[in-house]
Amino acid sequence: MNSKSLVSITDYSKDKILKILDAAADFEANPNRDLLKGKVVATLFFEPSTRTRLSFETAINRLGGRVIGFSDAANTSTSKGETLHDTIRMVSNYVDLIVMRHPLDGAARYASEVGSVPIINAGDGSNQHPTQTLLDLYSIKKTQGRLENLNIYMVGDLKYGRTVHSLLMAMSHFKPNFTFIAPDELKMPEQYKVFCDKNGIPYKEQRELVGIENADILYMTRVQRERFQDLLEYERVKNVYKLKNAMLDGTKDNLRVLHPLPRVNEIDVDVDSNPKAYYFDQARNGVFVRQAVICDSLGLI
Ligand code: CP
């Protein structure tokens, strides 16, 4: 693997994570710089995206780089049967860095093994979404003033949700206390609970979206229709949670509601005007964090 790739959040040490968050704060203060002048970055999105692709491309443009790529693999030679191996080998010939989203777990790791330029994982199946995690950490630090000793409630699709899997692993550096709120069909997978046990991280599990008075972070997620093989099961759980403004009464002043977005109907629009709603600011933070990750992968910071 190219040592400058970012495939899993576990590729970054605690020190590296903190370095990226500091660099992101510098980019937020001064986002327009020519650090990528002469560089070309490919954004290869084999799966739909709004925020991740557009914030990566904004980050590259603000740094003076150029972007090539696709947002729909149906318009590429993948539709003629070209393999991921060949696509990555090919595109490595053209660019300095590849940002890739792919529906298969492990696709980013594979790409990092066959490509000759660094790969940044923009989400692989239900596995990992490390740059989302870094922007989540940035958002948590910015709103809470710290990362340590926080009560983090994760709500919704904890089975297929790559954002919660990555965030759980990253938070292991910072002594979190987790509450997992999910229906039985979408519970946090065993491997992540074993990870918590091995790292001495306390967690509890519940089915109902209640008892959030002690939460510092309420991390809502969408039930992802595209991950279900049985659509009847999706129909059973798709509306399982809906956060409404009144449910935030009695919560801590510092509570912030995060969501990687897109939302469907798990957060009522009446929450948007509550000062505790942070999800749109969270998405904005993605530009600065991705500027930091890109520059790190290219050895520029
Ligand atoms: N949070 C996130 O990954 O959003 P997109 O799917 O729109 O990129």
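The values are calculated or read from the model by the stated rules, or taken from the named source; none is laboratory data. Bear in mind the structure is a predicted one, so any value in this text is a computation, not a measurement. Here the Cβ is made from the backbone with ideal geometry for all residues, glycine too, and neighbour counts use every protein chain on show. These area figures cover heavy atoms from the full protein model, side chains too; ligands, DNA and RNA do not enter into them. Shrake-Rupley method; radii C 1.70, N 1.55, O 1.52, S 1.80 Å.
Structure summary
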{"quantity": "Taking the chain and dividing mean pair separation by its residue count, relative contact order in percent (alpha carbons under 8 Å, at least six apart)", "calculated": "21"}
{"quantity": "For the chain, built as a Gaussian network whose Cα springs stay under 10 Å, the top-fluctuating residue of Val41, Val164, Val114", "calculated": "Val114"}
{"quantity": "Whole-angstrom gap from segment 31-84 to segment 225-272, using each part's C-alpha centre", "calculated": "29"}
{"quantity": "Computed over segment 130-283: relative contact order in percent, which uses C-alpha pairs under 8 Å that are six or more apart", "calculated": "24"}
{"quantity": "Overall Cα dimensions of the chain, principal axis frame, Å, largest first", "calculated": "54, 45, 39"}
{"quantity": "Full-stretch length increase - Arg207, Tyr94 - with 0.36 nm per residue and alpha-carbon distance subtracted", "calculated": "35.8 nm"}
{"quantity": "Heavy-atom surface of the chain, accessible at 1.4 Å and reported per residue (Å²)", "calculated": "43"}
{"quantity": "Whole-percent carbon and sulfur share, accessible surface of the chain, 1.4 Å", "calculated": "46"}
{"quantity": "Descending semi-axes in Å of segment 122-207, equivalent ellipsoid built from Cα gyration tensor", "calculated": "19, 16, 12"}
{"quantity": "Paired Rg and Dmax values of segment 130-283, which use every Cα atom, in angstrom", "calculated": "14.4, 43"}
{"quantity": "Positive-pole candidate from Ser77, Phe280, Leu6, dipole of the chain, charges at beta carbon", "calculated": "Leu6"}
{"quantity": "Cα-based reach from Lys4 at 13 Å (exclusive), listing aspartates and glutamates while leaving out same-chain residues under 8 positions away", "calculated": "Asp96, Glu113, Asp296"}
{"quantity": "Of Ala42, Ala283, Ala246, the one that fluctuates the most in a GNM where the chain has Cα springs shorter than 10 Å", "calculated": "Ala246"}
{"quantity": "Cα gyration tensor shape for segment 170-247, rounded if a/c is under 1.5, else prolate or oblate", "calculated": "oblate"}
{"quantity": "Highest-fluctuation residue, Asp216, Asp184, Asp22 considered, GNM on the chain with Cα pairs under 10 Å", "calculated": "Asp184"}
{"quantity": "Karplus-derived HN-Hα couplings along segment 27-39 (A = 6.51, B = -1.76, C = 1.60, θ = phi - 60°), whole Hz, x at Gly and Pro", "calculated": "5, 5, 6, 8, x, 9, 9, 9, 5, 9, 4, x, 9"}
{"quantity": "Förster radius 30 Å - calculated FRET efficiency between Glu233 and Asp268 (Cβ-Cβ, nearest 0.05)", "calculated": "0.80"}
{"quantity": "Listed pairs Lys19/Lys175; Lys80/Lys238; Lys39/Lys198 exceeding 30 Å between Cα atoms", "calculated": "Lys80/Lys238; Lys39/Lys198"}
{"quantity": "Exposure ranking of Met169, Met188 by accessible area [1.4 Å probe, largest first]", "calculated": "Met169, Met188"}
{"quantity": "Spin-label model distance (nm) - Lys14 vs His85, 7 Å beyond Cα toward Cβ", "calculated": "4.1"}
{"quantity": "Candidates per GluC sites (Glu not before Pro) in segment 172-231, loop by DSSP, up to 15 other Cβ within 10 Å", "calculated": "Glu208, Glu213"}
{"quantity": "Segment 1-160 - Debye-derived log10 I(q)/I(0), Cα point model, q = 0.12, 0.16 Å⁻¹", "calculated": "-0.56, -0.99"}
{"quantity": "Amide H partners (placed H, <5 Å) of Thr43, local residues excluded", "calculated": "Ile68, Gly69, Phe70, Val99"}
{"quantity": "Principal-axis tilt of helix 162-171 within the chain, Cα atoms, nearest 10 degrees", "calculated": "80"}
{"quantity": "Charged-residue dipole, Cβ positions (Lys, Arg, Asp, Glu), segment 130-283 about Cα centre, Debye nearest 20", "calculated": "360"}
{"quantity": "CD proxy at 222 nm, helix term only [per DSSP H run n ≥ 4: -39500 (n - 2.57); per residue of the chain; nearest 500]", "calculated": "-10500 deg cm²/dmol"}
{"quantity": "Derived scalar couplings ³J(HN,Hα) [segment 128-142; Karplus, 6.51 cos²θ - 1.76 cosθ + 1.60; whole Hz; x for Gly, Pro]", "calculated": "9, 8, x, 6, 4, 4, 5, 6, 5, 5, 4, 5, 5, 5, 5"}
